[in-house]
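The structure appears below as structure tokens.
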Amino acid sequence: MRKYVIMGVQGSGKGTQATMLGEDLDLVHISVGEIFRLNVQQHTKLGAQVRRTMAAGELVGDDLVEGVVKARLAEHDWNFGFIIDGFPRNERQAEFFLESYDIDGVIHLDMPDSEVRRRVLARRLCSGCGMDYNLLASSPAVAGQCDVCGGELIPREDDTEEALAVRLRDYHQKTNPVLDIFRRKEYVVTVDARPDREIVQQAIRAKLGLPPRALPVPSQDGQPASSGQPASSGGQAGPQPGG
Ligand code: ADP
Ligand code: ZN
């Protein structure tokens, strides 16, 4: 059983790396932001409670977030472990988490702020199937259109200059102290998030003492078989977290 937390600034690739790590190790990927986005999409009561907060780039209230995390982990579909992304984001959430669950490691994806805008503003989601695209790395075959389902590619509602500034500020003010708490407990491995996603993934595994990932099967044109990441979020169908 392995339990990991993945942390890093917006656009550092938390969702991508968590999914890649979870796939062959059978870890359930839990993305709190993703759970909220699905609820907004499906117009649930929770979705209505968090929609405006999220769009503005602000943090959702701790009670609400802790309830969501508790309920998600109580599903106990994680026989081989989990990797949680987007939680904890402040000291109170970290205390709650450490009291309730023991963890094996914290993956810190390190990326300078100067790279954040570039990556986040190039991010698109398919409005049909939720496939995640980054126009810097993986442009679709037809501009603005999903390779998988032909759906329209749209930005995330909180990937605007304004909301991004709020999110980045909160990350430094509120989430960096969480990293310090975890560092004191010697949980943290830091990995440079700037290289290609495969390289980042191998670095994570090396630092955690895990076996390397089998390389994806290339298609005939020599490119990886898919340009985005397959949608998987702990068994729920839906879009990829952008992390
Ligand atoms: P990012 O890390 O790129 O900002 P996420 O997809 O992880 O985006 O989260 C999107 C939004 O969901 C956040 O901006 C916030 O409004 C809300 N959210 C996610 N996780 C938390 C959390 N632990 N505490 C409070 N709000 C959260
Ligand atoms: Zn699609």
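The values are calculated or read from the model by the stated rules, or taken from the named source; none is laboratory data. Model, not experiment: these values are computed from the prediction. Heads up, the Cβs are rebuilt from the backbone with ideal geometry, glycines too, and the neighbour counts pull from every protein chain shown.
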Would you check if there is a residue in the stretch 124-137 being near ligand 2 (Cβ under 9 Å from one of its atoms), without any contact (Cβ under 8 Å) to a residue 12 or more places away in the chain and of a type outside the set (Lys, Arg)? no
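Looking for whichever is surrounded by fewer than 19 Cβ atoms within 10 Å (Cβ to Cβ), within 16 Å of ligand 1 (Cβ to nearest atom) and either touching a residue at least 40 places away in the same chain (Cβ under 8 Å) or not hydrophobic (A, V, I, L, M, F, W, C) (or both) here; the options are Pro155, Pro88. Which one fits?
Numbers: Pro88 fails: surrounded by fewer than 19 Cβ atoms within 10 Å (Cβ to Cβ).
Testing whether each residue is surrounded by fewer than 19 Cβ atoms within 10 Å (Cβ to Cβ), within 16 Å of ligand 1 (Cβ to nearest atom) and either touching a residue at least 40 places away in the same chain (Cβ under 8 Å) or not hydrophobic (A, V, I, L, M, F, W, C) (or both) leaves just Pro155.
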Could we say that Leu64 is of a type outside the set (Phe, Trp, Tyr), touching a Leu at 6+ places or on another chain (Cβ under 9 Å) and farther than 28 Å from Arg169 by Cα here? no
Taking Asp147 and the conditions (1) out of contact with any Leu (no Cβ under 8 Å at 6 or more places or on another chain); (2) away from ligand 2 (no atom under 12 Å from the Cβ); (3) touching a residue at least 60 places away in the same chain (Cβ under 8 Å), which numbered condition does it fall short on, given that it satisfies the others? (2)
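Test Gly47 against the criterion of being modelled with pLDDT of 95 or more, over 16 Å from Glu157 (Cα atoms) and touching a Leu at 6+ places or on another chain (Cβ under 9 Å), and give yes or no.
For Gly47, the condition - modelled with pLDDT of 95 or more, over 16 Å from Glu157 (Cα atoms) and touching a Leu at 6+ places or on another chain (Cβ under 9 Å) - is not met.
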Which pairs do you get when a residue that is of a type in the set (Asp, Glu), found in the stretch 10-24, comes within reach of a residue that is surrounded by fewer than 24 Cβ atoms within 10 Å (Cβ to Cβ), reach meaning Cβ atoms under 9 angstrom, with the pair 6+ apart or on two chains? Glu23/Arg213; Glu23/Pro230; Glu23/Ser232; Asp24/Pro211; Asp24/Arg213; Asp24/Ala214
Is it fair to say Gln202 is more than 15 Å from ligand 2 (Cβ to nearest atom) and farther than 14 Å from Val9 by Cβ? yes
Do the conditions hold for Ala193, that is, is it free of Cβ contacts under 8 Å to residues at least 60 places away in the same chain and surrounded by 13 or more Cβ atoms within 10 Å (Cβ to Cβ)? no
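Quick one: is Ala74 within 22 Å of Asp196 (Cα to Cα), exposed (fewer than 14 other Cβ atoms within 10 Å of the Cβ) and more than 12 Å from ligand 1 (Cβ to nearest atom)? Break it down stepwise before answering.
Values: within 22 Å of Asp196 (Cα to Cα): no; exposed (fewer than 14 other Cβ atoms within 10 Å of the Cβ): yes; more than 12 Å from ligand 1 (Cβ to nearest atom): yes.
Here the answer is no, as Ala74 does not meet what is asked.
Taking helices (runs of 4 or more DSSP H) that fall entirely within the stretch 29-123, which contain at least 3 residues that are within 18 Å of the chain's Cα centre (by Cα) and within 16 Å of ligand 2 (Cβ to nearest atom)? Spell out the reasoning first.
Numbers: elements: 32-41, 45-55, 62-73, 91-100, 113-121.
Output list reads 32-41.
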In the stretch 196-218, residues that are surrounded by fewer than 11 Cβ atoms within 10 Å (Cβ to Cβ) and in contact (Cβ under 8 Å) with a residue 60 or more places away in the chain total 1
Residue pairs within 9 Å by beta carbon, gap of at least six or interchain, first lying in the stretch 44-66 and more than 9 Å from ligand 1 (Cβ to nearest atom), second outside any helix (DSSP H, G or I) and among the β-branched types (Val, Ile, Thr), listed first then second, are Gln49/Val60
